[in-house]
Amino acid sequence: MHRILCSTGALIGFPNGRDYRLLKGCEEKLSCDGLEFMMYDSWYSQRRELTAFLRSLPLPIPSMHCEKSVGEKLSSGNREETERAFSDFHVNCEIAGEIGAEKMVLHLWNGQPSDSRIENHLAAYGKMKEEAARYGVLLTVENVICARWDPLTHFKALLDKDQDAAFTWDTKLAAFHGQTEALYDPRNQWLWEHIAHLHVNDYDGSTTTWGHLKTLHLGRGGIDFARLFDFLPQTGYRGDFTLEATAFQPDGSIRWEDMNESINKLRSFLAPLKERGSHGE
């Protein structure tokens with residue numbers, strides 16, 4: 001119950017050459033319970049080596065973040081691009097199955113096209129969910145940035161297609177769209193019935209402040225996490241929490257201490273929840 005995961009995307013990026021081998025020994029440097037593996041498009045050609053490396057890590061990887069351009073390829077509706085999206089998604093599912101991931105986070109829409117042709121993305125969802133399930137993986141759609149509408153609108157549309165759809169809720173992206181309050185609105189109890197995973201990150205802008213999208217560590221923005229964790233017992237949420245706050249620097253070095261600071265803050269918020277659980281509440 002309530003594992004704290006660290007996103008590998010917070011540690012590995014362009015400044016350090018997207019070198020996944022930098023994760024070696026991370027279990028000695030991080031105080032988390034496991035990892036959420038973030039797939040990059042430059043790794044498809046290294047799939048076998050990558051998977052073998054991930055399987056060798058001592059930390060469990062209960063969650064995988066699908067490579068982001070999959071959703072972007074769906075936007076055009078072009079047959080070739082759509083087939084490539086499904087082909088890439090298949091590889092992501094294979095990797096998720098091989099590393100023992102239980103859930104996959106998907107940007108169903110993404111990039112410059114974003115949700116401008118949302119009908120193409122909604123049409124692809126069912127097939128993707130079935131493909132993930134073949135590998136024992138629960139597909140969850142994240143509330144990522146929208147250029148035309150907003151994440152809650154698309155979540156409702158997904159539920160119209162599939163009453164069992166599962167979501168990943170990102171605190172920063174919710175704040176960006178001005179939808180943090182939606183979590184606390186009694187009319188949105190349906191939302192908590194479908195949130196299967198939480199990304200916990202801070203945000204220091206107001207609604208749709210495009211220049212403030214950097215993923216921040218807890219306490220470095222304006223999100224009221226105390227309120228969120230005080231509210232969680234009312235929701236019945238029993239899933240994991242992934243920290244995505246960027247820890248790699250412009251020179252490629254990783255500030256492990258920054259990530260551990262956020263992990264420890266998150267653990268302090270979770271402590272009362274675990275205490276309630278230990279007493280059967």
Run lengths n ≥ 4 of DSSP H only: what is the helix-derived mean residue ellipticity at 222 nm for the chain, with -39500 (n - 2.57) per run over all residues, to the nearest 500? -11500 deg cm²/dmol
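Indicate, rounded to the nearest 5 percent, the antiparallel portion of the DSSP beta bridges found entirely in the chain. Present the calculation step by step, with values, prior to reporting the outcome.
On the way: 3 of 28 bridges.
Percent antiparallel among DSSP bridges in the chain is about 10.
Please compute the contact order of the chain in relative form: average sequence separation of alpha-carbon pairs under 8 Å and at least six residues apart, divided by the residue count, as a percent. Don't skip to the end; give the middle numbers.
Numbers: 479 pairs, mean separation 58.1, N = 281.
Answer for the chain is 21 percent.
When DSSP beta bridges are limited to those with both residues in region 85-185, what percentage is antiparallel, rounded to the nearest 5? Show your work: numbers first, answer last.
Numbers: 1 of 8 bridges.
Among the beta bridges of region 85-185, antiparallel pairing accounts for roughly 10 percent.
Just order 192-204, 154-166, 257-269 by mean Cβ neighbour count inside 10 Å, highest at the front, would you? The partial results should precede the final answer.
Values: 192-204: 20.7, 154-166: 15.7, 257-269: 17.5.
Most protected by this proxy first, the peptides run 192-204, 257-269, 154-166.
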If the rule is a partner Cβ under 4.7 Å, which cysteines in the chain fail it? Cys26, Cys66, Cys93, Cys146
Distance from the Cα centre of region 124-192 to that of region 49-73, in angstrom? 21 Å
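Checking the a/c ratio against 1.5 first, then a/b against b/c, what shape does the Cα gyration tensor give for region 76-133?
Cα axes put region 76-133 in the prolate bin.
Can you give me the Rg/Rh ratio for the chain, using Cα atoms for both radii and the Kirkwood formula for Rh? Mind showing how you got there, number by number?
Numbers: Rg = 17.9 Å, Rh = 19.2 Å.
Ratio of gyration radius to Kirkwood radius: 0.94.
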Rounded, prolate or oblate: pick one for region 35-153, where a ≥ b ≥ c are the square roots of the eigenvalues of its C-alpha gyration tensor, a/c under 1.5 means rounded, and failing that, prolate if a/b is larger than b/c, else oblate. prolate
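Using Cα pairs under 8 angstrom and six or more residues apart, how large is the relative contact order of region 1-158, in percent?
Numbers: 237 pairs, mean separation 30.7, N = 158.
Relative contact order comes out at 19 percent.
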Helices from the chain with mean Kyte-Doolittle at least -1.0 and a Cα length along the axis of 18 Å or more, per DSSP H: which? 79-99, 118-134, 256-278
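Within the set of other residues whose C-beta is less than 12 Å from the C-beta of Gly9, count the net charge using Lys and Arg as +1 and Asp and Glu as -1. Write out the running numbers ahead of the final one.
Working: positive: Arg18, Lys68; negative: Glu36, Glu67, Glu244.
Around Gly9, the charge tally is -1.
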Packing-ranked peptide list from 210-218, 125-133, 4-12, highest mean Cβ count within 10 angstrom first, is 4-12, 125-133, 210-218
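Rule-based calculations on the coordinates, nothing more; no lab input. Values in this document were obtained by computation on a predicted structure and should not be read as measured data. Quick reminder, even Gly has a Cβ in these numbers, built from the backbone with ideal geometry, and neighbours come from all protein chains shown.
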